[in-house]
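Below you'll find the structure, written out as structure tokens, and then a few comments.
The values are calculated or read from the model by the stated rules, or taken from the named source; none is laboratory data. Just so you know, these numbers come straight off a predicted model, no measurement behind them. Positions of Cβ are backbone-derived with ideal geometry, glycine not excepted, and every protein chain shown enters the neighbour counts. SASA here: full protein model, heavy atoms, side chains in, ligands and nucleic acids out. Shrake-Rupley method; radii C 1.70, N 1.55, O 1.52, S 1.80 Å.
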Amino acid sequence: MPMKTRCLLFSVLFMCTTYPLIAQNQIRKEYYVGECNKNDLSIDGILTEPAWQKATWQDDFIQHEPSEGKKPLQKTTFAILLDENYIYVGFKCWDTSPDSIVQRLTRRDEIDGDLVAFQIDSYFDKRTAFSFFVNAAGTKQDFIISNDGEYEDNTWDPIWLAKTSRDQSGWYAEMRIPLTQLRFEGNSEQTWGLQVARMLFRKQEVSLWQPSSKKMSGWVSQFGELKGLKNLKSRKIADLTPYVVARTDRYEKEPENPFKQSGKKNQLDVGLDGKLGLTNNLTLDFTINPDFGQVEADPSEVNLTSFETFFQEKRPFFIEGKNILSFPLMFGDGDLASENMFYSRRIGRRPHNSPEINDDEYLDAPEFTSILGAAKITGKTKNGWSLALLESLTSEETAHISNGHQRTEMIEPFTNYSIGRVQKDFDKGNTILGGMVTMVNRNLKADELDYLHKTAITGGVDFVHKWHNKDWEFDFSTYFSRVEGSAEAISNTQKSWIHGFQRPDATHFEFDSTRTSLTGNGGKIVVGKYGGKLKFMAATAWKSPGLELNDVGYMRQADNILEVIWVGYRIFEPFSIFRNLNLNFNQWTEWNFAGELTGPGGNINIHTQLKNFWNFHMGTNVNGEGLSTTELRGGPALKVSGTKNIWVAFGSNEQKKLTGEMEFMVLGGNIKDSKKLFNAGISLGYRPSKSLKITLSPNFTSNNDELQYVTQQDYANKTDYIFARINQKTLSASLRVNYNITPDLSIQYWGQPFLASGKYSEFKRITNGRADNYFDRFSLLSGNELAYMGENEIYEVSDRGGTPLYSFDQPDFNVKEFLSNMVVRWEYKPGSTIFLVWSQTRNHSITNGNFDFRNDLTNLFDNKPYNIFLLKMSFRIGK
């Protein structure tokens, strides 16, 4: 289980799906907005203008955390005013201990300390809300809530203003939000949903204007009401943000390499981002020649599994509004939650083709595919229709190869991506019907890329119904895929590890080398009770053998049927030493479409926060014996013995200057000595001042696995699947330094050394992968069957009589990498930003499986770095 910080506790509380509906017998509060003139207010956080003196101030807040329904420890009042262009919100946060107010400067959307929040449902659909937070230091956070609190889009960055002040009576906040940043229908009089909240950080107390019960589900649907909104004219946003990027790369000179002789490379680019209101409720976002140079690099890893690594999206254009473009294939969290019909990292991905070069040749190829442009239309109509359409074009990419004479090879074709999503609300959001379609079209004019799909189409329909005050939920979805291309392309898809149509022991499908298309389907059915203290869910999901979504989606494996039962119990109120307590039980079983058992298992876990604000988490998992159809990478199924593990994690009080989190996990195979894994992670945070935070997070993993795939070799109409015991060690340490000079000017640094090694021994061939006895599934290569040729770093395999059969490369590895990124960000005017970026990469690898921390780290930093220096300046033109 990943460690969780509490610095965004208040945001997490707002997003938690265990939040309630208003009980039927609870009063829905009303606030009548006051009017003011354009020049009545100067936004300074002081609240002394006559308009504020005449405003209606309300102070009837109620405690939500930790003790629901109790009186808050400190008094809070707020007022709301409106003119023809802006909505204004004032907060007076009284405090009898003003010296204890926690003011922490952070970057936008990373809010911390004492804070207040203003949330409005301007659609009044009881599912969607625009959220505006500000802390006592003046740092802002904003996001859009959708699906009644189930999702939030933290990358929504509207243009608005907030200022704070402080005196001996407490602290004050003042917001000015342009109506152009909201979505609503213009009419004579309307009502919006409203919630106002405060967090008293030192007590971790959340108080709300509109009370809510934790025993029920939903969040936006339980808002109070904002009234008195008369003669509002809906506004259409119109923002254009041109930008210029100057970049220089510096690296070690290589005199014999024509692409690196100078040791430097310079580049100047321009681009344009835009946001235009097409109608009152539909917005067009577009980017031309986008640059994401300020985005942090993906963390290092060594992936020895048969599954593709899922990387989080970090590029702002593709994150904003991502929830409406989401069509999840599964349910829950963890690895399951990543599977989706749309995976935006496919757009601008690493090129498919990696040219083979001779020893005397040099290669110059782009690391990622260039995005020529992208546009998306998103919005929601007054009739409950949610719409999203994304279109993107990526360029043709070419690699340059030289050995004195240059040649080129295409590595990625010109590609068009289209994604469309629609949903319709019924019965005040209790019923939702939706659909999604994606299309990928490639211009395959080069023979060397004929192995790619020419066209990929996916589509799906989903349906959700909630009842009994949304305590109960039924969720159904079904989807399909169709890919088309050359016989080679479809053959590659059938033989990929995801599908394994060439498996010799498969009885429910067969490989067809003449096919030029492949279709598949999948879906899920979920019934759950999410209200009350006792919660549960029963679910099933399936993906047919021919389902293929990975042209623009993310899917780990096809040919899968999954059944899950989850039961959870929540204690919301403090008792004994606990502030709250969560208990969970999960059971699951997996089969393939032939009805073969592939993965039984279950777990129990507990999560709690103590009254001293420390957190504690603990759980145990048991995975039973089942068939793996991917371990042999296209070969017959292999029966895996299963594992069991236990993990523990705890974290200290985040209010302190010095904080810490730790987690440990121990895993063992169900067969003695078949698998041993240990993982330990620590995160230490230090905040010497309100503006500076330093975090160091080392992590160490040791893995000893008796059955690690090495290679497969064909000989004499046979195939040998070679496995070995691996002793793998991985050490990484992330260092983060966040220094916020003002809420709009910050310096962030992230650096990560990464050391990984793998030593292989006890080589064996799989003899009977389905054998009931574990030791009958493989045979050790011993005696004269295996010989190591040190000069060529290869292993030679012979029969028992000593006749050579084949050879394979020595698989030991030692990988060292250092990634770092420093970003100076200055929002010099609302929506206009300057980025100064320095990125550095160092990497080194050898075929030596020994782990030696001191030597590995020394060798890493002895290696010459690759540096990138980048200056990006944008200027917003809009209103």
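Identify, please: which residue in region 267-289 is part of a loop (DSSP other than H, G, I, E, B) and open to solvent by 50 Å² or more (accessible area, probe 1.4 Å) and is, among those, nearest to THR408 (Cα to Cα)? Only one residue fits best here, namely ASN289. Among the residues of region 487-511, those identified as without any contact (Cβ under 8 Å) to a residue 40 or more places away in the chain, open to solvent by less than 60 Å² (accessible area, probe 1.4 Å) and more than 23 Å from GLY459 (Cβ to Cβ) are ALA487, SER491.
Among the conditions (1) buried (at least 20 other Cβ atoms within 10 Å of the Cβ); (2) not polar (S, T, N, Q); (3) not in a strand (DSSP E or B), ILE411 misses just one, which is (3).
Yes/no per residue for (1) hydrophobic (A, V, I, L, M, F, W, C); (2) exposed (fewer than 14 other Cβ atoms within 10 Å of the Cβ):
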| residue | (1), (2) |
| --- | --- |
| GLY790 | no, yes |
| SER798 | no, no |
| SER807 | no, no |
| GLN810 | no, no |
| MET822 | yes, no |
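Of the residues PRO299, PRO258, which single one is modelled with pLDDT of 85 or more, touching a strand residue (DSSP E or B) at 6+ places or on another chain (Cβ under 8 Å) and of a type outside the set (Asp, Glu)?
Numbers: PRO299 fails: modelled with pLDDT of 85 or more.
Answer to the check: PRO258.
Please find, among PHE292, PHE311, the residue that is touching a helix residue (DSSP H, G or I) at 6+ places or on another chain (Cβ under 6 Å), within 25 Å of PHE869 (Cβ to Cβ) and open to solvent by 40 Å² or more (accessible area, probe 1.4 Å). Sole residue among the options that is touching a helix residue (DSSP H, G or I) at 6+ places or on another chain (Cβ under 6 Å), within 25 Å of PHE869 (Cβ to Cβ) and open to solvent by 40 Å² or more (accessible area, probe 1.4 Å): PHE311.
Which one of these is in contact with a Pro (Cβ under 8 Å, 6 or more places away or on another chain) and surrounded by 20 or more Cβ atoms within 10 Å (Cβ to Cβ): GLY626, GLY651? None of the others qualify; the one that does is GLY626. Taking every residue in region 135-164 that is open to solvent by 40 Å² or more (accessible area, probe 1.4 Å) and pairing it with any residue that is β-branched (Val, Ile, Thr), at least 6 positions away or on another chain, the pairs with Cβ-Cβ distances below 6 Å are GLU150/THR17; GLU152/ILE145; LEU161/ILE43; LYS163/ILE43.
Please enumerate the residues belonging to region 442-467 that are part of a strand (DSSP E or B), touching a helix residue (DSSP H, G or I) at 6+ places or on another chain (Cβ under 9 Å) and of a type in the set (A, V, I, L, M).
Matches in region 442-467: VAL464 only.
Candidates ASN717, ASN792, ASN704, ASN773: the one that is within 38 Å of the chain's Cα centre (by Cα) and polar (S, T, N, Q) is ASN704. Residue count for region 184-203 under the criterion of being within 28 Å of GLY113 (Cβ to Cβ) and open to solvent by 10 Å² or more (accessible area, probe 1.4 Å): the result is 2.
Per the conditions (1) hydrophobic (A, V, I, L, M, F, W, C); (2) within 39 Å of the chain's Cα centre (by Cα); (3) modelled with pLDDT of 95 or more; (4) open to solvent by 50 Å² or more (accessible area, probe 1.4 Å), the sole criterion not satisfied by PHE91 is (4). Checking each residue in region 325-381 for being within 19 Å of GLU313 (Cα to Cα), among the acidic types (Asp, Glu) and open to solvent by 20 Å² or more (accessible area, probe 1.4 Å) picks out ASP333, ASP335, GLU367. Is it the case, given these coordinates, that LYS264 is closer than 22 Å to ASN843 by Cα, of a type outside the set (Asp, Glu), surrounded by fewer than 13 Cβ atoms within 10 Å (Cβ to Cβ) and in contact with a Ser or Thr (Cβ under 8 Å, 6 or more places away or on another chain)? Spelling it out, LYS264 is indeed closer than 22 Å to ASN843 by Cα, of a type outside the set (Asp, Glu), surrounded by fewer than 13 Cβ atoms within 10 Å (Cβ to Cβ) and in contact with a Ser or Thr (Cβ under 8 Å, 6 or more places away or on another chain).
Is there a residue being β-branched (Val, Ile, Thr) and not in a loop (DSSP other than H, G, I, E, B) anywhere in region 536-551? Can you show your working first?
Step one: list which residues in region 536-551 are β-branched (Val, Ile, Thr), which gives 540.
Next, only the ones that are not in a loop (DSSP other than H, G, I, E, B) stay: 540.
The answer is yes, given that some residue of region 536-551 is β-branched (Val, Ile, Thr) and not in a loop (DSSP other than H, G, I, E, B).
Considering only residues of region 414-453 that are under 30 Å from HIS465 (Cβ atoms), in contact (Cβ under 8 Å) with a residue 24 or more places away in the chain and more than 28 Å from the chain's Cα centre (by Cα), which is surrounded by the fewest Cβ atoms within 10 Å (Cβ to Cβ)? Among residues in region 414-453 that are under 30 Å from HIS465 (Cβ atoms), in contact (Cβ under 8 Å) with a residue 24 or more places away in the chain and more than 28 Å from the chain's Cα centre (by Cα), the one surrounded by the fewest Cβ atoms within 10 Å (Cβ to Cβ) is PHE426. Only one of the numbered conditions (1) modelled with pLDDT under 95; (2) open to solvent by 30 Å² or more (accessible area, probe 1.4 Å); (3) farther than 24 Å from GLN810 by Cβ is not met by TRP838, and that is (1).
Can you tell which of ALA388, ALA365, ALA375 is farther than 30 Å from LYS524 by Cα, in contact (Cβ under 8 Å) with a residue 60 or more places away in the chain and aliphatic (A, V, I, L, M)?
Numbers: ALA388 fails: farther than 30 Å from LYS524 by Cα; ALA365 fails: in contact (Cβ under 8 Å) with a residue 60 or more places away in the chain.
Testing whether each residue is farther than 30 Å from LYS524 by Cα, in contact (Cβ under 8 Å) with a residue 60 or more places away in the chain and aliphatic (A, V, I, L, M) leaves just ALA375.
When you look at LYS71, is it in a strand (DSSP E or B), of a type in the set (Lys, Arg) and either within 38 Å of the chain's Cα centre (by Cα) or at pLDDT 95 or above (or both), yes or no? Answer is no for this residue. Of all the listed residues (THR598, THR540), the sole one being open to solvent by 30 Å² or more (accessible area, probe 1.4 Å), among the hydroxyl-bearing types (Ser, Thr, Tyr) and within 26 Å of ALA771 (Cα to Cα) is THR598. Those strands (runs of 3 or more DSSP E) of region 179-251 in which 1 or more residues are within 30 Å of the chain's Cα centre (by Cα) occupy 187-200, 205-208, 238-250.
Among the residues of region 862-879, which ones are open to solvent by 80 Å² or more (accessible area, probe 1.4 Å), over 19 Å from SER746 (Cβ atoms) and either at pLDDT 90 or above or of a type in the set (A, V, I, L, M) (or both)? Quick ask: steps written out before the conclusion?
If we filter region 862-879 for residues that are open to solvent by 80 Å² or more (accessible area, probe 1.4 Å), which is where we start, we get 862, 864, 869, 871, 873, 875, 877, 879.
Subsequent filtering for residues that are over 19 Å from SER746 (Cβ atoms) retains 862, 864, 875, 877, 879.
Matches in region 862-879: LYS864, PHE875, ILE877.
Candidates are the residues of region 454-471 that are more than 25 Å from the chain's Cα centre (by Cα) and open to solvent by 70 Å² or more (accessible area, probe 1.4 Å); the one that is nearest to ASP148 (Cα to Cα) is TRP467.
Determine whether region 719-729 contains at least one residue that is over 30 Å from SER496 (Cβ atoms) and either among the aromatic types (Phe, Trp, Tyr) or surrounded by fewer than 18 Cβ atoms within 10 Å (Cβ to Cβ) (or both). So far as region 719-729 goes, no, none of its residues is over 30 Å from SER496 (Cβ atoms) and either among the aromatic types (Phe, Trp, Tyr) or surrounded by fewer than 18 Cβ atoms within 10 Å (Cβ to Cβ) (or both).
Which residue, of GLY528, GLY532, is touching an Asp or Glu at 6+ places or on another chain (Cβ under 8 Å), assigned to a loop (DSSP other than H, G, I, E, B), farther than 30 Å from ILE457 by Cβ and not acidic (Asp, Glu)? Result of the check over GLY528, GLY532: GLY532. Taken over region 204-247, the criterion of being among the β-branched types (Val, Ile, Thr) and open to solvent by 30 Å² or more (accessible area, probe 1.4 Å) is satisfied by VAL244 alone. Condition first: without any contact (Cβ under 8 Å) to a residue 40 or more places away in the chain and more than 28 Å from LEU638 (Cα to Cα). Now tell me which residues in region 515-527 satisfy that. Scanning region 515-527 gives THR516, SER517.
The sole residue among PHE536, PHE572 that is without any contact (Cβ under 8 Å) to a residue 40 or more places away in the chain, more than 21 Å from ALA637 (Cα to Cα) and not aliphatic (A, V, I, L, M) is PHE536.
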